[in-house]
Ligand code: FES
């Protein structure tokens with residue numbers, strides 16, 4: 001190899017004979033390398049946001065598919081205790097699904113998933129406001145249908161179907177409104 005034409009970095013290759021595209025993608029000079037790094041970063045960010053959007057969409061789909069419908073009845077506690085306390089936490093349909101039941105002033109019992117539909121923080125019962133409140137971003141849901149009334153949430157909370165058998169309460173299904 002001609003000594004004068006050999007690469008100043010590795011000393012083995014001849015930069016004049018290498019492919020132009022290769023030079024653009026992996027520039028020998030440090031100044032060019034800076035531009036490639038920026039271009040790669042833009043590609044990475046574009047791909048990353050696309051993947052995040054797809055994962056978000058898929059996650060919502062899985063929730064509908066996985067949780068909507070009827071499940072095996074599960075005993076969640078005593079109706080008398082719920083009336084006394086005002087609200088009660090339980091898990092349904094699995095031990096990984098936190099839920100909250102509230103005793104309404106007219107004696108009706110309502111129950112919802114405790115997972116906020118914004119970014120999944122746990123909602124809590126606020127007796128004074130008579131709603132379910134999400135402390136993460138001040139989200140709020142009314143109790144009649146679980147619809148969002150304040151803050152960033154836009155979707156209602158999934159409703160848990162409750163059945164009263166004597167003094168005992170059972171969760172029997174999950175309803176997700178669109
Ligand atoms: S996570 Fe509930 S309002 Fe943001």
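We did not get these values from a lab; they are worked out from the coordinates using the rules stated. What you see is a predicted model, and the numbers here were worked out from it, not measured in a lab. A quick note on method: Cβ atoms are made from the backbone with ideal geometry, for glycine too, and the neighbour counts reach across all protein chains shown.
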Using a 7 Å offset from the Cα along the Cα-to-Cβ direction at both residue 121 and residue 175, what is the distance between the two label points in nm, to one decimal? 2.8 nm
Note: residue 128 to residue 81 extended length (0.36 nm per residue) minus current alpha-carbon separation gives 15.0 nm
Can you tell me which of 153-164, 93-104 comes out highest on packing, and rank the rest after it, using the mean Cβ neighbours within 10 Å? 153-164, 93-104
Rg/Rg_ref, segment 72-117, where Rg_ref = 2.2 N^0.38 Å and atoms are Cα: 1.13
Sticking with the crude label model, points 7 Å out along Cα→Cβ, report the distance from residue 74 to residue 91 in nm, one decimal please. 0.7 nm
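Would you mind calculating the relative contact order of segment 70-175 from Cα pairs under 8 angstrom and at least 6 residues apart, reporting the percent as a whole number? Working shown, then result.
Working: 236 pairs, mean separation 29.5, N = 106.
Reported as a whole number, the value is 28 percent.
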Among 136-145, 114-123, how do they line up from the highest to the lowest mean number of other beta-carbon atoms within 10 Å? 114-123, 136-145
Taking 35 Å as R0, compute the FRET efficiency from the Cβ-Cβ separation of residue 137 and residue 108 and round it to 0.05. 0.75
